[in-house]
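Here the structure comes first, spelled out in structure tokens, and everything after it is commentary.
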Amino acid sequence: MRIITGSDRSTRRIAAVGMYDGVHLGHKFLIEYLRLEAASRGLTPAVITFSRHPLSLVRPLEAPGLLTPLDDRLRLLGQAGADDVIMLTFNDSLRRKTAREFLNMLRQSYGIETLVLGFNNRFGHDRPDAFDVYKALGAEIGIEVIAAPEYRGVGAPVSSSVIRHHLLSGKPEKAAESLGQPYRLRGIVTHGQSLGRTIGFPTANVEPTDKDSLIPKAGVYAAFVTTPDGVRRPAMVNIGFRPTVSDPDAPGRLSIEANIFDFIGYLYDEEVTVEFIRFLRDEKRFPSVEKLTEQLRADAAKARKTLTRS
């Protein structure tokens, strides 16, 4: 796979445009179709994506948490079958381009001869609604615009926004169904208050590597944590504000704490990957640390049982 960040007309290409956040089953279906069309036309299959989510510029307060950091997204696109990944910087200049201007840029700067328009895919400042409009604009510029079939496989209908909704609703298993794998969050282990160690549940405090990563719904999860040695280990993960041990008048910042079962080792300043498997319960305040500990024992038992079936 080649990553292209500047003008490149070294080959004749067929391409599809999108953010590809998560590189989910719908994206993989689209890229498979792209490769089939590329083979029949003698073109190089390419995907066109953006270095950041367009909403982060257009409406920053509405920009969603991302399912995949940029480096993971590029790797997954290559694994899905893209020969070339054309990465555009979404800035004011690109934002103001009409669909016609955008198509012309693709033809002139990247040698795009055919464009596959995915289901419900729209682009350009004017964002035409009808496929026939894109087809006509492409014909004028010298790009054949074709429609991709709609994905109707496992987890359909699939979209990045639907997957985010599942994760924010405490349904990681539904998100995994659409992603084709569990949702993964990478983070650096940082120092915490070490309270968990004193009650028999030592935790790794995980700070997301990418600040734009989506954080699932607050609560307790059965999860796997891949440690720096590459071992995928069963764990219980809590996302929330630690209400039992925090000042109710001054709640702290959201934390992600992983109790990795039967693990002894030093993880501070190392990167780990958390896979969210099943939501166990909402976060709640307990009347005492003793009651919290009792509940954690029950949570751990339930998590272990859940993970043995995963």
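General observations
- Reported count of residues in the stretch 166-181, each being part of a helix (DSSP H, G or I) and out of contact with any helix residue (DSSP H, G or I) (no Cβ under 9 Å at 6 or more places or on another chain), is 1.
- The residue of the stretch 182-204 that is nearest to Glu257 (Cα to Cα), among those that are outside any loop (DSSP other than H, G, I, E, B) and at pLDDT 95 or above, is Val189.
- Cβ pairs under 6 Å, 6+ apart, first in the stretch 252-269 and in contact (Cβ under 8 Å) with a residue 60 or more places away in the chain, second part of a loop (DSSP other than H, G, I, E, B) and of a type in the set (Ser, Thr, Tyr): Glu257/Thr203; Asn259/Thr203
- Candidates are the residues of the stretch 33-58 that are charged (D, E, K, R) and at pLDDT 95 or above; the one that is farthest from Arg75 (Cα to Cα) is Arg41.
- Filter result (of a type in the set (Lys, Arg), touching a residue at least 24 places away in the same chain (Cβ under 8 Å) and either surrounded by fewer than 16 Cβ atoms within 10 Å (Cβ to Cβ) or part of a helix (DSSP H, G or I) (or both)) within the stretch 59-97: Arg73, Arg95, Arg96
- Residue check for Val145: outside any helix (DSSP H, G or I), in contact with a Gly (Cβ under 9 Å, 6 or more places away or on another chain), exposed (fewer than 15 other Cβ atoms within 10 Å of the Cβ) and β-branched (Val, Ile, Thr): no
- Hits in the stretch 258-298 (condition: of a type in the set (Asp, Glu) and either modelled with pLDDT under 95 or surrounded by fewer than 19 Cβ atoms within 10 Å (Cβ to Cβ) (or both)): Asp262, Asp269, Glu270, Glu271, Asp282, Glu283, Glu290, Glu294
- Sole exception among (1) of a type in the set (Gly, Ala, Ser); (2) surrounded by 21 or more Cβ atoms within 10 Å (Cβ to Cβ); (3) not in a strand (DSSP E or B) for Ser56, by number: (2)
The values are calculated or read from the model by the stated rules, or taken from the named source; none is laboratory data. Owing to the predicted nature of the structure, the values given are computational and were not obtained by experimental measurement. All Cβ positions, glycine included, derive from the backbone under ideal geometry; neighbour counts span all protein chains shown.
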